[in-house]
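Below is one structure; the comments refer to it alone.
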Amino acid sequence: MTDILFQPLTLGAIETANRIQMAPLTRGRSTQPGSVPNEMMATYYRQRAGAGLIISEATGISVEGLGWPAAPGIWSDEQVEGWKLTTEAVHAEGGKIVLQLWHMGRLVHPDFLGGEPPVSASATKAPDHAHTPTGRKPYEQARELSVEEIARVVADYRHAAENAKKAGFDGVQLHGANGYLVDQFLRDSTNLRTDEYGGAPENRVRFLREVLEALCDVWGADRVGVRLSPNGETQGCDDSDPAATFGAAAQVVEDLGLAFLELREPGPEGTFGRTDVPKQSPLIRSIYNGKLVLNSDYTAEQAAAEIEAGKCDAVSFGRSYISNPDLDIRIREGAPWAPNVDVPKSWYMPGPEGYVDYPTLAEEREAAE
């Protein structure tokens, strides 16, 4: 039974109709140059407005922080106007949407920066390859941010949060997961600093706290969330003591009284980022008293069971939302989920194919008659 997924939920000042969230999904469909959201993106999100809460795709807070081809930004007036198409479309369908704020740190290839190196907590280099407009290329070594530059990056987050408000979002979520800049500060494999931003977990969460404080200044804590990935390596970013590190991070979230905390927690059988590192959600649940959202490879039945057991308050679904614009209806009716056609090609290729052309359950039934 999945009835509990359809109970309303209050996330700070955001009232959601159900506990099915749409997780952030990078799709690479913004208009270039300029990383500007467009009408096709508005259609994509409008189709999925049945989610209790949509967490937007990761959105760059600055040129420095965005290193993914055709991903959107939120630093310019043109981008703000582009995002209004999406927020208005989602709200017209009765949905709620928050903007995920993203700085990729060392995962920005110099090709996006006019040849300049990316920035990070420390001078480290990510493994594997970056996706660039001219193909896959090895990551290059980042340079360490100075204390003065950290303050400037925090100001970039604040500016992005202000623009998100102008664009009509219902709130913001800080992307603190998956090996990007916030995560690079949190974990001891990528944060090698010896100043007030490095060393003990209480220091490594300082950047997280300062960014969240800036977002709360703009929005109020009751419209701010954060996403963390507390167990296992991700994009070369790892930690020797995840309980200590993410316990400290959870305490920051608790101290600030954020509206919600989302955790991406793969397991040993996960389809992406599988790991044997224990999930930290039980520890985090004991520290953070706000609304907890879990993510990674959940079926509807598993999600309902987790909520029933009190392990979380909602579950976010990612890839299942790609080919199921009406995922909430399919769950309610116990209908099969449609397959992702041409996975993973259709995730990132330009144009509407594999993006806004998936049928709803009603359309499938009509076609079968």
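Each reported figure results from applying straightforward, stated rules to the coordinates on display, with no laboratory input. These figures come from a predicted structure and were not determined experimentally. Please note: Cβ atoms are built from the backbone with ideal geometry, for glycine as well, and neighbour counts cover all protein chains shown.
Values for this structure:
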{"item": "Neighbour-count ranking [beta-carbon atoms within 10 angstrom, fewest first] of 311, 291", "result": "311, 291"}
{"item": "Normalised per residue, the volume of the convex hull around the Cα set of the range 262-355 (Å³)", "result": "121 Å³"}
{"item": "Neighbour-limited loop hits for GluC sites (Glu not before Pro), the range 279-357 (at most 15 other Cβ within 10 Å; DSSP other than H, G, I, E, B)", "result": "353"}
{"item": "Gaussian network model of the chain, Cα within-10 Å springs - most flexible of 21, 100, 32", "result": "32"}
{"item": "Given 96/291; 165/291; 166/345; 166/311; 165/311, the pairs whose alpha carbons are separated by over 26 Å", "result": "166/345; 166/311; 165/311"}
{"item": "Percentage relative contact order, the range 3-368, counting C-alpha pairs under 8 Å, at least six apart", "result": "17 percent"}
{"item": "Semi-axis lengths (Å, descending) of the ellipsoid that matches the C-alpha gyration tensor of the chain", "result": "30, 24, 20"}
{"item": "Rounded to 5, percent antiparallel among DSSP beta bridges of the range 3-368", "result": "20 percent"}
{"item": "Degrees, to the nearest 10: 147-166 long Cα axis against longest axis of the chain", "result": "20 degrees"}
{"item": "Net charge over other residues, Cβ less than 15 angstrom from the Cβ of residue 19 (K, R count +1; D, E count -1)", "result": "-4"}
{"item": "Sequence of 331, 54, 307 once ranked by neighbouring C-beta atoms within 10 Å, starting from the fewest", "result": "307, 331, 54"}
{"item": "Neighbourhood net charge (14 Å Cβ-Cβ; Lys/Arg +1, Asp/Glu -1) for residue 282", "result": "+1"}
{"item": "GluC sites (Glu not before Pro) restricted to DSSP loop in the range 196-283 with at most 15 other C-beta within 10 Å", "result": "196, 269"}
{"item": "Karplus 3J(HN,Hα) series, Hz, for the range 41-57 with 6.51 cos²θ - 1.76 cosθ + 1.60 (x for Gly, Pro)", "result": "5, 4, 4, 4, 6, 4, 4, 10, 6, x, 4, x, 8, 8, 9, 5, 4"}
{"item": "Length released on extending from residue 77 to residue 240, taking residue separation times 0.36 nm less the Cα-Cα span", "result": "54.5 nm"}
{"item": "Computed over the range 54-213: relative contact order in percent, which uses C-alpha pairs under 8 Å that are six or more apart", "result": "25 percent"}
{"item": "Taking 316, 286 and counting other C-beta atoms within 10 Å, the order from fewest to most", "result": "286, 316"}
